[in-house]
Amino acid sequence: MGFATSDHGVHAPLAVKILIAGGFGVGKTTLVGAVSEVAPLRTEEYLTHASIGVDDLEGVSGKTTTTVALDFGRITINSDLVLYLFGTPGQERFWFMWNDLVNGAMGAIVLVDTRRLDVSFASIDFFESRGVPFVVGVNCFHGVKDRTQEEIRKALDLDPQVPLVLCDARDRKAGRDVLLALIDHLMAAASRAAAHPVS
């Protein structure tokens, strides 16, 4: 990774697109809102009776809104790096949008809820199939850590190189730690690629 230079010779920060993905109700909108340094753009709508039987509310019965397009936020890591965050919709009926959202993304965070790990399988499969580097953020709701990292890795069938970070999506520092883990992961992948160029 480097940074851009403007016409005036001043270094402009590198802009990096990051996706925040995961199943319905795992905390994607919350994470984007917690870490964004600008008021996040949200496309949430209230759940209505029309979604009964369409959106699976098991384990998230208190949820009253849902993202219908995307969430957007921005965070400056340092003078050389700015992350633009795009939160994906979690419901299966909106998955078609992921193909557009992934264009230009350098990496992703897959948020998971240990009470409902299965709702994030599709996100992991999506990024693996497209070769998009990602980290897994385990959203520990209310500080509950009911599974070990080894148990979570096994349940998600994660590659050993995929970082897994425990976090609280409501906490800015915890969210920033997950983002920094992704940046470290991207830089390590870039270093490996530079050391072993494909001829």
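The values are calculated or read from the model by the stated rules, or taken from the named source; none is laboratory data. Remember, predicted model here, so these are calculated numbers, not experimental data. Note: ideal-geometry Cβ built from the backbone for every residue, glycine included; neighbour counts use all protein chains shown. All accessible areas refer to the heavy atoms of the entire protein, side chains included, with ligands and DNA or RNA removed. Shrake-Rupley method; radii C 1.70, N 1.55, O 1.52, S 1.80 Å.
Restricted to the stretch 16-26, and to residues there that are small (Gly, Ala, Ser) and modelled with pLDDT under 90, the residue that is nearest to residue 143 (Cα to Cα) is 25.
Has the stretch 154-170 got any residue that is closer than 15 Å to residue 189 by Cβ, of a type in the set (D, E, K, R) and part of a loop (DSSP other than H, G, I, E, B)? Spell out how you get there, then give the answer.
First pass over the stretch 154-170, keeping only residues closer than 15 Å to residue 189 by Cβ: 159-163.
Keeping just the survivors that are of a type in the set (D, E, K, R) gives 159.
Among the residues that remain, those that are also part of a loop (DSSP other than H, G, I, E, B) are: 159.
Yes.
The residue list 180, 186, 166, 158 contains one member that is surrounded by fewer than 15 Cβ atoms within 10 Å (Cβ to Cβ), of a type outside the set (Phe, Trp, Tyr) and touching a strand residue (DSSP E or B) at 6+ places or on another chain (Cβ under 9 Å), which is 180. Cβ-Cβ under 8 Å, sequence separation 6+ or interchain: first residue in the stretch 165-188 and in contact (Cβ under 8 Å) with a residue 12 or more places away in the chain and among the β-branched types (Val, Ile, Thr), partner assigned to a helix (DSSP H, G or I) and open to solvent by less than 40 Å² (accessible area, probe 1.4 Å). Which pairs? The qualifying pairs are 165/178; 165/181; 178/31. The single residue among 36, 123 that is of a type in the set (Gly, Ala, Ser), at pLDDT 60 or above, touching a strand residue (DSSP E or B) at 6+ places or on another chain (Cβ under 8 Å) and surrounded by fewer than 22 Cβ atoms within 10 Å (Cβ to Cβ) turns out to be 36. Does residue 146 qualify as being farther than 20 Å from residue 36 by Cβ and free of Cβ contacts under 8 Å to residues at least 24 places away in the same chain? Taking the combined requirement at face value, the residue does not satisfy it. Of 176, 116, 170, all but one fail to be among the charged types (D, E, K, R) and within 22 Å of residue 82 (Cβ to Cβ); the exception is 176.
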